[in-house]
1. What does the charge dipole of the chain about its Cα centre add up to, to the nearest 20 debye, if the Cβ of each Lys and Arg holds +1 and the Cβ of each Asp and Glu holds -1?
2. Have a look at the range 146-197 and give its Rg and Dmax from the Cα atoms, expressed in angstrom.
3. For 226, 199, write out the residues from largest to smallest accessible area, computed with a 1.4 angstrom probe and no ligands counted.
4. Among 231-238, 167-174, how do they line up from the highest to the lowest mean number of other beta-carbon atoms within 10 Å?
5. At 18 Å minimum axial length over the Cα atoms and a Kyte-Doolittle cut of -1.0, report the qualifying DSSP H helices in the chain, or say none.
6. Given a 1.4 Å probe, how much area per residue of the chain is accessible, in Å²?
7. So how do 133-146, 12-25 stack up, highest first, on mean other-Cβ count within 10 Å?
8. In whole percent, how big is the carbon plus sulfur part of the accessible area of the chain, probe 1.4 Å, protein atoms only?
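The values are calculated or read from the model by the stated rules, or taken from the named source; none is laboratory data. These numbers come from a predicted model, not from an experiment. A quick note on method: Cβ atoms are made from the backbone with ideal geometry, for glycine too, and the neighbour counts reach across all protein chains shown. Ligands, DNA and RNA are excluded from the accessible area calculation, which covers all protein heavy atoms including side chains. Shrake-Rupley method; radii C 1.70, N 1.55, O 1.52, S 1.80 Å.
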Amino acid sequence: MMTWTEFRNRFSIQLNQQQESAVQSVEGPVLLLAVPGSGKTTVLVTRLGYMIFCKDIAPERILTVTYTVAATKDMRRRFERMFGAEFSDAASRLEFRTINGICARVIADYGRRIGKEPFALQTDEGETLKLLRSLYIDAAGSFPTESETAELRSLVSYIKNMQLTGKELEKLEEEAGYPLAKIYRSYCEKMKRQGLMDYDDQMVYALNILTRCPQLLSEYQARYWYLCVDEAQDTSKIQHRILKLLAGNGNLFMVGDEDQSIYGFRAAYPEALLSFEKDHPGAKVLLMEQNFRSDAAIVKAAGQLIAHNRLRHRKTMI
(Lines give C-alpha, C1' and ligand atoms only; values in the text may rest on other atoms or scores of the structure.)
Protein backbone atom coordinates (compact mmCIF):
# COMPACT_ATOMS: atom_id res chain seq x y z
CA MET A 1 0.00 0.00 0.00
CA MET A 2 1.12 3.58 -0.66
CA THR A 3 0.75 6.56 1.61
CA TRP A 4 -1.14 9.58 0.27
CA THR A 5 2.16 11.41 -0.28
CA GLU A 6 3.69 8.44 -2.15
CA PHE A 7 0.55 8.10 -4.27
CA ARG A 8 0.48 11.80 -5.10
CA ASN A 9 4.16 11.91 -6.04
CA ARG A 10 4.24 8.68 -8.01
CA PHE A 11 1.33 9.61 -10.26
CA SER A 12 1.90 13.39 -10.33
CA ILE A 13 -1.46 14.10 -8.69
CA GLN A 14 -2.21 17.82 -8.50
CA LEU A 15 -5.47 18.66 -6.76
CA ASN A 16 -6.85 21.53 -4.71
CA GLN A 17 -7.99 21.03 -1.12
CA GLN A 18 -11.63 20.32 -1.95
CA GLN A 19 -10.64 17.77 -4.59
CA GLU A 20 -8.20 16.05 -2.22
CA SER A 21 -10.91 15.78 0.42
CA ALA A 22 -13.24 14.12 -2.10
CA VAL A 23 -10.58 11.65 -3.23
CA GLN A 24 -9.83 10.59 0.34
CA SER A 25 -13.47 10.19 1.41
CA VAL A 26 -13.96 6.47 0.91
CA GLU A 27 -16.07 5.02 3.72
CA GLY A 28 -19.77 5.65 4.25
CA PRO A 29 -22.27 7.63 2.17
CA VAL A 30 -20.74 10.68 0.48
CA LEU A 31 -22.38 13.23 -1.79
CA LEU A 32 -19.95 15.34 -3.81
CA LEU A 33 -21.54 18.46 -5.28
CA ALA A 34 -19.29 19.49 -8.16
CA VAL A 35 -19.92 22.73 -10.06
CA PRO A 36 -19.31 22.82 -13.85
CA GLY A 37 -15.65 22.57 -14.84
CA SER A 38 -14.49 21.55 -11.36
CA GLY A 39 -12.71 18.36 -12.48
CA LYS A 40 -15.19 15.79 -11.25
CA THR A 41 -14.09 13.05 -13.67
CA THR A 42 -10.46 13.59 -12.68
CA VAL A 43 -11.48 13.30 -9.03
CA LEU A 44 -13.56 10.17 -9.67
CA VAL A 45 -10.70 8.44 -11.50
CA THR A 46 -8.10 9.57 -8.94
CA ARG A 47 -10.32 8.33 -6.14
CA LEU A 48 -10.48 4.87 -7.74
CA GLY A 49 -6.69 4.78 -7.79
CA TYR A 50 -6.53 5.96 -4.18
CA MET A 51 -8.96 3.21 -3.09
CA ILE A 52 -6.89 0.53 -4.81
CA PHE A 53 -3.33 1.68 -4.14
CA CYS A 54 -3.68 3.43 -0.77
CA LYS A 55 -6.62 1.64 0.83
CA ASP A 56 -5.88 -1.82 -0.60
CA ILE A 57 -9.43 -2.29 -1.85
CA ALA A 58 -9.77 -5.02 -4.47
CA PRO A 59 -10.90 -3.52 -7.82
CA GLU A 60 -13.62 -6.18 -8.10
CA ARG A 61 -15.31 -4.75 -5.00
CA ILE A 62 -15.84 -1.36 -6.67
CA LEU A 63 -18.70 -0.62 -9.06
CA THR A 64 -18.65 2.69 -10.94
CA VAL A 65 -21.97 3.74 -12.47
CA THR A 66 -21.99 6.26 -15.30
CA TYR A 67 -24.77 7.71 -17.42
CA THR A 68 -23.87 6.32 -20.87
CA VAL A 69 -21.89 3.45 -22.39
CA ALA A 70 -19.54 6.04 -23.94
CA ALA A 71 -18.86 7.47 -20.47
CA THR A 72 -17.98 4.02 -19.08
CA LYS A 73 -15.39 3.56 -21.83
CA ASP A 74 -14.00 7.07 -21.37
CA MET A 75 -13.59 6.61 -17.62
CA ARG A 76 -11.74 3.31 -18.07
CA ARG A 77 -9.41 4.93 -20.64
CA ARG A 78 -8.73 7.82 -18.27
CA PHE A 79 -7.90 5.42 -15.45
CA GLU A 80 -5.47 3.55 -17.71
CA ARG A 81 -3.82 6.82 -18.82
CA MET A 82 -3.49 8.14 -15.28
CA PHE A 83 -2.03 4.99 -13.74
CA GLY A 84 -0.19 3.57 -16.74
CA ALA A 85 0.48 0.15 -18.21
CA GLU A 86 2.16 -0.93 -14.97
CA PHE A 87 -1.27 -1.14 -13.34
CA SER A 88 -3.31 -2.30 -16.35
CA ASP A 89 -4.39 -5.34 -14.33
CA ALA A 90 -6.26 -3.08 -11.88
CA ALA A 91 -7.97 -1.30 -14.78
CA SER A 92 -9.17 -4.57 -16.29
CA ARG A 93 -10.60 -5.69 -12.94
CA LEU A 94 -12.61 -2.51 -12.34
CA GLU A 95 -16.27 -2.46 -13.37
CA PHE A 96 -17.74 0.56 -15.15
CA ARG A 97 -21.42 0.13 -16.00
CA THR A 98 -24.57 2.02 -16.84
CA ILE A 99 -27.58 1.46 -14.61
CA ASN A 100 -29.21 -0.54 -17.42
CA GLY A 101 -26.11 -2.68 -17.67
CA ILE A 102 -26.43 -3.54 -13.98
CA CYS A 103 -30.14 -4.23 -14.32
CA ALA A 104 -29.57 -6.56 -17.28
CA ARG A 105 -27.15 -8.58 -15.17
CA VAL A 106 -29.60 -8.77 -12.24
CA ILE A 107 -32.37 -10.03 -14.55
CA ALA A 108 -30.07 -12.60 -16.18
CA ASP A 109 -28.82 -13.88 -12.80
CA TYR A 110 -32.38 -14.20 -11.53
CA GLY A 111 -33.45 -16.02 -14.70
CA ARG A 112 -30.67 -18.59 -14.21
CA ARG A 113 -31.65 -18.95 -10.56
CA ILE A 114 -35.30 -19.83 -11.36
CA GLY A 115 -34.56 -21.58 -14.66
CA LYS A 116 -36.48 -19.13 -16.79
CA GLU A 117 -35.42 -17.21 -19.88
CA PRO A 118 -35.76 -13.40 -19.38
CA PHE A 119 -37.88 -11.30 -21.72
CA ALA A 120 -36.05 -10.12 -24.82
CA LEU A 121 -34.97 -6.49 -24.86
CA GLN A 122 -36.83 -4.37 -27.43
CA THR A 123 -34.07 -2.22 -28.94
CA ASP A 124 -35.98 -1.15 -32.06
CA GLU A 125 -37.46 2.21 -31.11
CA GLY A 126 -39.38 2.28 -34.38
CA GLU A 127 -41.31 -0.85 -33.34
CA THR A 128 -42.06 0.70 -29.94
CA LEU A 129 -43.45 3.85 -31.55
CA LYS A 130 -45.48 1.74 -33.99
CA LEU A 131 -47.07 -0.16 -31.08
CA LEU A 132 -47.84 3.01 -29.13
CA ARG A 133 -49.37 4.64 -32.21
CA SER A 134 -51.66 1.63 -32.70
CA LEU A 135 -52.71 1.65 -29.02
CA TYR A 136 -53.38 5.40 -29.19
CA ILE A 137 -55.70 4.91 -32.17
CA ASP A 138 -57.58 2.11 -30.36
CA ALA A 139 -57.97 4.12 -27.12
CA ALA A 140 -58.52 7.64 -28.45
CA GLY A 141 -60.25 6.88 -31.75
CA SER A 142 -58.00 9.29 -33.63
CA PHE A 143 -54.59 9.29 -35.28
CA PRO A 144 -51.70 10.83 -33.32
CA THR A 145 -49.23 13.15 -35.00
CA GLU A 146 -45.52 12.31 -34.94
CA SER A 147 -44.96 14.78 -32.12
CA GLU A 148 -47.88 13.33 -30.12
CA THR A 149 -46.45 9.83 -30.56
CA ALA A 150 -43.02 11.02 -29.42
CA GLU A 151 -44.62 12.72 -26.42
CA LEU A 152 -46.51 9.52 -25.57
CA ARG A 153 -43.24 7.56 -25.72
CA SER A 154 -41.64 10.03 -23.31
CA LEU A 155 -44.60 9.83 -20.93
CA VAL A 156 -44.49 6.01 -20.84
CA SER A 157 -40.81 6.24 -19.88
CA TYR A 158 -41.56 8.98 -17.34
CA ILE A 159 -44.27 6.89 -15.64
CA LYS A 160 -41.88 3.98 -15.11
CA ASN A 161 -38.88 6.05 -14.04
CA MET A 162 -40.90 8.12 -11.57
CA GLN A 163 -42.85 5.05 -10.41
CA LEU A 164 -46.11 6.95 -10.51
CA THR A 165 -49.05 5.76 -8.42
CA GLY A 166 -52.50 5.24 -9.90
CA LYS A 167 -53.64 8.68 -8.75
CA GLU A 168 -50.50 10.33 -10.14
CA LEU A 169 -51.09 8.57 -13.46
CA GLU A 170 -54.67 9.87 -13.53
CA LYS A 171 -53.43 13.42 -12.95
CA LEU A 172 -50.89 13.04 -15.75
CA GLU A 173 -53.67 11.77 -18.00
CA GLU A 174 -55.71 14.92 -17.32
CA GLU A 175 -52.75 17.05 -18.37
CA ALA A 176 -52.15 14.94 -21.50
CA GLY A 177 -55.75 15.23 -22.70
CA TYR A 178 -56.11 11.66 -24.01
CA PRO A 179 -56.59 8.19 -22.38
CA LEU A 180 -52.95 7.86 -21.28
CA ALA A 181 -53.60 5.39 -18.44
CA LYS A 182 -55.41 2.96 -20.75
CA ILE A 183 -52.69 3.22 -23.41
CA TYR A 184 -49.96 2.75 -20.80
CA ARG A 185 -51.55 -0.37 -19.28
CA SER A 186 -52.26 -1.82 -22.73
CA TYR A 187 -48.65 -1.20 -23.72
CA CYS A 188 -47.32 -3.01 -20.63
CA GLU A 189 -49.68 -5.96 -21.16
CA LYS A 190 -48.83 -6.23 -24.88
CA MET A 191 -45.09 -6.20 -24.19
CA LYS A 192 -45.47 -8.97 -21.59
CA ARG A 193 -47.57 -11.11 -23.93
CA GLN A 194 -44.90 -10.76 -26.61
CA GLY A 195 -42.13 -11.65 -24.13
CA LEU A 196 -40.51 -8.23 -24.56
CA MET A 197 -39.24 -5.49 -22.29
CA ASP A 198 -37.98 -1.99 -23.04
CA TYR A 199 -35.05 -0.26 -21.32
CA ASP A 200 -37.31 1.19 -18.63
CA ASP A 201 -38.83 -2.24 -17.98
CA GLN A 202 -35.31 -3.48 -17.33
CA MET A 203 -35.10 -1.19 -14.32
CA VAL A 204 -38.65 -1.98 -13.14
CA TYR A 205 -37.98 -5.72 -13.26
CA ALA A 206 -34.54 -5.42 -11.65
CA LEU A 207 -35.94 -3.35 -8.77
CA ASN A 208 -38.71 -5.90 -8.21
CA ILE A 209 -36.20 -8.75 -8.25
CA LEU A 210 -33.83 -7.08 -5.79
CA THR A 211 -36.76 -6.22 -3.50
CA ARG A 212 -38.35 -9.66 -3.57
CA CYS A 213 -35.22 -11.81 -3.67
CA PRO A 214 -33.11 -10.82 -0.64
CA GLN A 215 -30.61 -13.61 -1.25
CA LEU A 216 -29.73 -12.25 -4.70
CA LEU A 217 -29.58 -8.70 -3.32
CA SER A 218 -27.18 -9.88 -0.59
CA GLU A 219 -24.93 -11.43 -3.24
CA TYR A 220 -24.74 -8.13 -5.13
CA GLN A 221 -24.10 -6.16 -1.95
CA ALA A 222 -21.28 -8.56 -1.06
CA ARG A 223 -19.81 -8.36 -4.56
CA TYR A 224 -19.82 -4.55 -4.77
CA TRP A 225 -18.70 -3.16 -1.44
CA TYR A 226 -18.18 0.33 -2.86
CA LEU A 227 -20.46 2.17 -5.31
CA CYS A 228 -19.38 5.30 -7.19
CA VAL A 229 -22.12 7.12 -9.15
CA ASP A 230 -21.45 9.86 -11.71
CA GLU A 231 -23.98 12.44 -13.03
CA ALA A 232 -26.23 11.82 -10.02
CA GLN A 233 -28.43 14.82 -10.89
CA ASP A 234 -29.62 13.01 -14.03
CA THR A 235 -30.54 9.82 -12.18
CA SER A 236 -34.26 8.99 -12.02
CA LYS A 237 -36.27 8.00 -8.95
CA ILE A 238 -36.24 4.29 -9.81
CA GLN A 239 -32.49 4.42 -10.44
CA HIS A 240 -31.89 6.03 -7.05
CA ARG A 241 -33.90 3.24 -5.42
CA ILE A 242 -31.90 0.54 -7.20
CA LEU A 243 -28.60 2.17 -6.22
CA LYS A 244 -29.71 2.56 -2.61
CA LEU A 245 -30.52 -1.16 -2.45
CA LEU A 246 -27.17 -2.15 -3.98
CA ALA A 247 -25.31 0.11 -1.55
CA GLY A 248 -26.71 -1.72 1.45
CA ASN A 249 -23.35 -1.58 3.25
CA GLY A 250 -23.46 2.22 3.08
CA ASN A 251 -20.38 2.91 0.94
CA LEU A 252 -22.09 5.06 -1.67
CA PHE A 253 -20.22 7.92 -3.38
CA MET A 254 -22.46 10.09 -5.56
CA VAL A 255 -21.17 12.93 -7.71
CA GLY A 256 -23.50 15.51 -9.18
CA ASP A 257 -24.94 18.99 -8.97
CA GLU A 258 -28.68 19.66 -8.81
CA ASP A 259 -28.05 23.04 -10.48
CA GLN A 260 -26.93 21.19 -13.62
CA SER A 261 -30.00 18.96 -13.94
CA ILE A 262 -31.59 19.48 -17.38
CA TYR A 263 -33.29 16.11 -17.92
CA GLY A 264 -36.50 16.56 -15.94
CA PHE A 265 -38.45 15.60 -19.06
CA ARG A 266 -36.63 12.26 -18.95
CA ALA A 267 -37.56 11.81 -15.27
CA ALA A 268 -34.26 12.98 -13.81
CA TYR A 269 -34.78 13.30 -10.06
CA PRO A 270 -32.29 15.82 -8.62
CA GLU A 271 -34.48 16.11 -5.49
CA ALA A 272 -32.73 12.94 -4.30
CA LEU A 273 -29.55 14.99 -3.85
CA LEU A 274 -31.40 17.39 -1.57
CA SER A 275 -32.62 14.53 0.64
CA PHE A 276 -29.33 12.58 0.51
CA GLU A 277 -28.50 13.15 4.19
CA LYS A 278 -32.01 12.10 5.23
CA ASP A 279 -31.99 9.00 3.01
CA HIS A 280 -28.46 8.00 4.06
CA PRO A 281 -27.91 8.57 7.80
CA GLY A 282 -24.41 9.73 8.66
CA ALA A 283 -23.84 11.02 5.13
CA LYS A 284 -21.12 13.52 4.34
CA VAL A 285 -21.73 16.32 1.81
CA LEU A 286 -18.64 17.74 0.10
CA LEU A 287 -18.26 20.63 -2.33
CA MET A 288 -16.07 21.32 -5.34
CA GLU A 289 -16.72 24.97 -6.18
CA GLN A 290 -13.78 26.01 -8.36
CA ASN A 291 -14.50 26.17 -12.09
CA PHE A 292 -11.31 25.66 -14.16
CA ARG A 293 -13.06 25.76 -17.53
CA SER A 294 -14.47 29.29 -17.82
CA ASP A 295 -13.18 32.81 -17.20
CA ALA A 296 -14.27 35.00 -14.28
CA ALA A 297 -16.96 36.92 -16.19
CA ILE A 298 -18.72 33.74 -17.33
CA VAL A 299 -18.49 32.16 -13.88
CA LYS A 300 -19.90 35.29 -12.23
CA ALA A 301 -22.82 35.54 -14.66
CA ALA A 302 -23.60 31.83 -14.37
CA GLY A 303 -23.43 32.03 -10.58
CA GLN A 304 -25.93 34.89 -10.49
CA LEU A 305 -28.33 32.94 -12.69
CA ILE A 306 -27.95 29.69 -10.74
CA ALA A 307 -28.63 31.50 -7.45
CA HIS A 308 -32.28 31.86 -8.54
CA ASN A 309 -32.79 28.09 -8.37
CA ARG A 310 -35.09 27.37 -5.44
CA LEU A 311 -34.28 23.71 -4.69
CA ARG A 312 -30.52 23.57 -4.23
CA HIS A 313 -27.63 23.13 -1.82
CA ARG A 314 -25.78 26.31 -0.92
CA LYS A 315 -22.57 26.56 -2.93
CA THR A 316 -20.69 29.31 -4.69
CA MET A 317 -18.95 28.75 -8.01
CA ILE A 318 -15.62 30.61 -8.26
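1. With only Lys, Arg, Asp and Glu charged at Cβ, the dipole is about 560 debye.
2. Expressed in Å, the Cα Rg and Dmax of the range 146-197 come to 11.0, 31.
3. If we order 226, 199 from most to least accessible, we get 199, 226.
4. So the peptides 231-238, 167-174, ranked by packing, come out 231-238, 167-174.
5. Span-like helices in the chain: 40-53, 69-83, 99-114, 125-140, 146-162, 180-193, 199-212.
6. I get 51 Å² per residue for this part.
7. Numbers: 133-146: 14.4, 12-25: 16.4.
So the order, starting with the most tightly packed, is 12-25, 133-146.
8. On the way: 8030 of 16200 Å².
Roughly 50 percent of what the probe reaches on the chain is carbon or sulfur.
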